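A short write-up of the structure that comes next.
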Amino acid sequence: MAKITTSAQSSGAPFHVACIMDGNGRWAQMRGRPRLVGHHMGAKRVREIVQRCPDAGVTHLTLFAFSTENWKRTQTEVAGLMRLFRRYIINEAKGLKNAGVRVRFIGDRIRLEDSLVKMMDDLEMLTADNSSVHLTIALNYGGRDEVTRAARRLAYEIEQGELTHKDVDAETLARFLDTRFLPDPDLVIRTSGEARISNFLLWQSAYAEYEFIDTLWPDFSADEFQRIVESYGSRERRFGGVTA
Ligand code: IPE
Ligand code: IPE
Ligand code: MG
């Protein structure tokens, strides 16, 4: 298949793909295995998709790993996921650094264990000079929670006299979001056949393209990822305007 690139992709401009990694539980249940087996298989997919980003023209990849609502799951599943995040960081840190990947985390760290937060900080620091791919992992992330926290910090700055209500516009608010360092996503992919966004990047995705695919995340290959990214090139984005 001929490689189709968007003007943004071919110009080397930022190209941001965000993924809602869904379907791990069903993948395992279909095989009569515990849900955590699906999460482990899903984590393996992350490596190959990150590696494929440069070839696919993706400069920014954001992955939804754990939502503010996922605490509702059983204690066993939540604890297993937290262990998996630690393992991912331990196993991948060196490879990510060597591959030129800059890793950052978004979401509220307050509810995460201190030792995990320390590992996240260390990985951010270890990869801080990299720039070939910007990988952002959303952990204890919720779009409403993020906007609420941003509004609270903005209100605090106003209380302190650092800003006034007249300074509050979309640009200023965006500077208080977890994603302040990221361009808006161009494309959001959700696996597993669910056509909803489940509180992911609500503010940032205002004009993103969406791709809902049936594949369960543990079956989602780098080839399929690249195909979807390439077919995005044929879509016309109007941003509320009209095309001649
Ligand atoms: C997504 O897979 C991973 C997380 C939410 C952590 P799920 O665990 O939601 O898998 P399904 O949707 O139950 O199949
Ligand atoms: C969204 O998936 C969260 C992540 C992928 C981390 P969920 O499986 O939690 O979303 P719902 O419950 O189907 O909306
Ligand atoms: Mg799910």
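Taking the criterion of being closer than 23 Å to Pro14 by Cβ and open to solvent by less than 60 Å² (accessible area, probe 1.4 Å), the residues of the stretch 100-119 that qualify are Gly100, Val101, Val103, Arg104, Phe105, Ile106, Gly107.
For every residue, the table says whether it meets (1) assigned to a helix (DSSP H, G or I); (2) farther than 24 Å from Val17 by Cβ; (3) touching a strand residue (DSSP E or B) at 6+ places or on another chain (Cβ under 7 Å).
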residue: Cys53; (1), (2), (3): yes, no, yes
residue: Leu61; (1), (2), (3): no, no, yes
residue: Phe64; (1), (2), (3): no, no, yes
residue: Ile89; (1), (2), (3): yes, no, no
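Inside the stretch 159-201, residues that are of a type in the set (Lys, Arg) and within 16 Å of ligand 3 (Cβ to nearest atom) make up a count of 2. In summary, Val46 fulfils each of the numbered conditions (1) touching a residue at least 60 places away in the same chain (Cβ under 8 Å); (2) open to solvent by less than 20 Å² (accessible area, probe 1.4 Å); (3) within 16 Å of ligand 2 (Cβ to nearest atom) with the single exception of condition (1). In a residue-by-residue description of the stretch 155-175, the property of being modelled with pLDDT of 95 or more and within 13 Å of the chain's Cα centre (by Cα) applies to no position.
Just for the stretch 59-88: of the residues that are basic (Lys, Arg) and within 16 Å of ligand 3 (Cβ to nearest atom), which one is most open to solvent (accessible area, probe 1.4 Å)? Only one residue tops the list, namely Lys72.
The values are calculated or read from the model by the stated rules, or taken from the named source; none is laboratory data. What you are looking at is a predicted structure, and each value in this text was computed from that prediction instead of being measured. Positions of Cβ are generated from backbone atoms using ideal geometry, with glycine treated the same way; all protein chains shown enter the neighbour counts. The accessibility values were calculated without ligands, DNA or RNA, using every heavy atom of the protein model including side chains. Shrake-Rupley method; radii C 1.70, N 1.55, O 1.52, S 1.80 Å.
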